[in-house]
1. Of the conditions (1) within 23 Å of the chain's Cα centre (by Cα); (2) more than 16 Å from ligand 1 (Cβ to nearest atom), residue 59 satisfies every one except a single condition; which number is it?
2. Out of (1) within 20 Å of residue 39 (Cα to Cα); (2) surrounded by fewer than 18 Cβ atoms within 10 Å (Cβ to Cβ); (3) among the polar types (S, T, N, Q), what's the single condition that is false for residue 296?
3. I'd like the full set of residues that are part of a helix (DSSP H, G or I) and of a type in the set (A, V, I, L, M, F, W, C), limited to the stretch 74-119.
4. Residues in the stretch 346-371 that are outside any helix (DSSP H, G or I) and open to solvent by less than 40 Å² (accessible area, probe 1.4 Å): how many?
5. Consider residue 435 carefully, then state whether it is buried (at least 16 other Cβ atoms within 10 Å of the Cβ), touching a residue at least 12 places away in the same chain (Cβ under 8 Å) and more than 38 Å from the chain's Cα centre (by Cα).
6. Can you tell me which residue within the stretch 299-323, out of those that are touching a His at 6+ places or on another chain (Cβ under 7 Å) and in contact (Cβ under 8 Å) with a residue 24 or more places away in the chain, is surrounded by the most Cβ atoms within 10 Å (Cβ to Cβ)?
7. Cβ-Cβ distance below 7 Å, separation of 6 or more or different chains: which pairs start in the stretch 164-182 with a residue that is assigned by TED's automatic domain parsing to the domain that holds residue 122 and open to solvent by less than 40 Å² (accessible area, probe 1.4 Å) and end on one that is among the aromatic types (Phe, Trp, Tyr) and modelled with pLDDT of 95 or more?
Amino acid sequence: MKQKIYIFDTTLRDGEQSPGAKLNTDQKVELATQLEKLGVDIIEAGFPISSPGDFQSVVQLSKTIKNCVICGLTRARKEDIDIAVKALESAKRPRIHTGIGASDVHIKYKFKSTHEKVLSQGVEAVTYAKKFIEEVEFYAEDAGRADSKFLAKMVYEVIKAGATVVNIPDTTGYCFPEEFGAKIKFIFENVPNIHKAVISVHCHNDLGMAVANTLSGVFNGARQVEVTVNGIGERAGNTSLEEIVMAIYTRRDNLLYYTDIKTAEIAKTSKLVSQIMGIPVQPNKAIVGANAFAHSSGIHQDGVLKRRENYEIIDPKLVGVEASKIILTARSGRAALRHRLESLGFNLSQSEINLVYQNFLQLADMKKEIYDDDLLYLMGQKKTGKNQKVKLDLIQVICGNKNIPTATVKISVSGKIKEAVATGDGPIDAGFNAIDKCIGKKYKLIQFLIQAATIGSDAVAKVNISIEHNRKTFIGVGTNTDTIVAAALSYIDAINKFV
Ligand code: KIV
Ligand code: ZN
């Protein structure tokens with residue numbers, strides 16, 4: 001029978017320790033609600049004694065989240081535990097996560113203490129926390145560098161004191177997978193009361209081995225994994241939730257484990273974490289990176305178009321990504337070009353494709369990537385500003401904190417001037433509404449991206465937009481030093497693709 005691996009999510013605690021990732025209580029509630037939807041088993045909500053804000057966040061999460069264990073971190077100190085117990089008062093299933101350093105280096109230089117004293121402080125903390133809360137998890141900090149015999153003794157004593165979960169962290173990301181796995185195995189073989197607790201692994205990524213070490217821990221008996229979304233966390237980060245979950249799922253035929261994660265929520269959760277914490281996801285990041293399901297070389301593109309499994313081990317839909325991407329570059333072949341042209345509504349014969357392909361290669365040699373807009377240009381469909389049917393003559397917006405954003409727009413449609421005034425949720429929205437009024441139709445916005453094309457507060461803004469018309473997507477681009485004008489130009493550019 002398959003065994004469940006419990007997902008302990010520490011995005012809101014260890015993940016939040018990433019520089020610049022600090023969240024306020026409302027943001028933490030929003031993220032925790034998504035983590036609950038994702039199906040994590042335990043949410044580490046914060047370190048209540050560290051600040052009033054962290055305390056408040058743990059209080060709010062305890063009140064809001066009902067389907068996950070809510071966990072608060074403490075040091076092995078009574079005052080920490082008292083505050084955490086208070087913060088967790090409303091939690092349906094509270095957990096205290098207390099602990100102390102276990103490695104020689106921590107004992108000697110961090111605590112300036114002895115093995116005996118540290119051990120008894122750990123045991124006391126568990127005994128004390130146990131008076132208030134049934135679920136007590138103990139962490140043996142820097143266990144990755146700790147002496148295995150001392151670690152086994154510590155694990156034995158804290159379980160005897162009532163710890164229900166014992167966390168073996170590779171705090172400094174020091175171990176190799178075999179070494180970390182052997183450590184977990186040693187603990188299972190040398191701790192007589194080990195069956196009374198769940199063993200957890202918490203790995204850091206300093207040598208890029210957090211996921212491998214975590215899996216090695218699981219293969220040797222750990223049943224809880226401590227992870228963060230996008231692998232964010234202290235220094236080089238923590239074990240990435242999505243990588244562990246998808247490794248266990250993808251290789252399920254060879255493994256005896258499962259998780260309760262709703263994988264279709266992964267992409268959405270990753271985006272939310274990235275946005276809310278302001279930490280972009282590296283494009284080549286496994287599972288959630290922009291390139292995780294993007295194919296660039298001609299051979300791969302051809303293979304994927306013939307059958308996805310040729311070059312993909314995960315169906316992108318499984319993790320909430322709509323489809324694989326075929327990136328058109330100078331390395332792309334005719335199969336990829338045909339595929340993209342078809343998605344834009346062009347069904348060409350082989351000889352026509354051959355012809356377009358020569359022009360495509362010439363353009364691709366000059367550009368890093370060929371976008372839909374470039375293809376439309378190649379197909380003679382991209383109209384230049386000169387012969388565009390719809391043209392922007394004027395846009396004027398009143399906005400600010402005391403005004404309802406209101407835009408006045410004047411456009412010419414085939415030479416006829418049309419004028420309209422509209423309000424909106426912001427100045428750009430008001431501008432789009434006014435353009436819609438002039439044209440007499442409302443278009444659905446699919447994508448909207450503003451980028452600064454140059455540096456400084458007077459930078460040129462570049463706006464890329466996609467809108468829907470007759471169930472097809474049309475893209476537009478606009479540039480101007482005024483962001484609102486750039487947005488209006490991009491909207492009109494997209495409209496020009498089909499009028
Ligand atoms: O890395 C670590 O050891 C930790 C503990 C506080 C669990 O984050
Ligand atoms: Zn950590």
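The values are calculated or read from the model by the stated rules, or taken from the named source; none is laboratory data. Fair warning: this is a prediction, and the values are worked out from it, not measured in the lab. FYI the Cβ positions are ideal-geometry reconstructions off the backbone, even for glycines, and counts take in every protein chain you see. The area values use the complete protein model at the heavy-atom level, side chains included, leaving out ligands, DNA and RNA. Shrake-Rupley method; radii C 1.70, N 1.55, O 1.52, S 1.80 Å.
1. Exception for residue 59: condition (1).
2. Just one mismatch for residue 296, condition (1).
3. Matches in the stretch 74-119: 81, 83, 84, 85, 87, 105, 107, 118, 119.
4. Residues meeting the conditions: 3.
5. no
6. Within the stretch 299-323, the match that is surrounded by the most Cβ atoms within 10 Å (Cβ to Cβ) is 301.
7. As it stands, the answer is 166/138; 167/138; 167/139; 169/139; 170/180; 181/219, since those pairs meet every condition given.
Per-residue answers, yes or no, for (1) under 19 Å from residue 166 (Cα atoms); (2) within 16 Å of ligand 1 (Cβ to nearest atom):
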residue	(1), (2)
10	yes, yes
13	yes, yes
37	no, no
46	yes, yes
52	no, no
68	yes, no
86	no, no
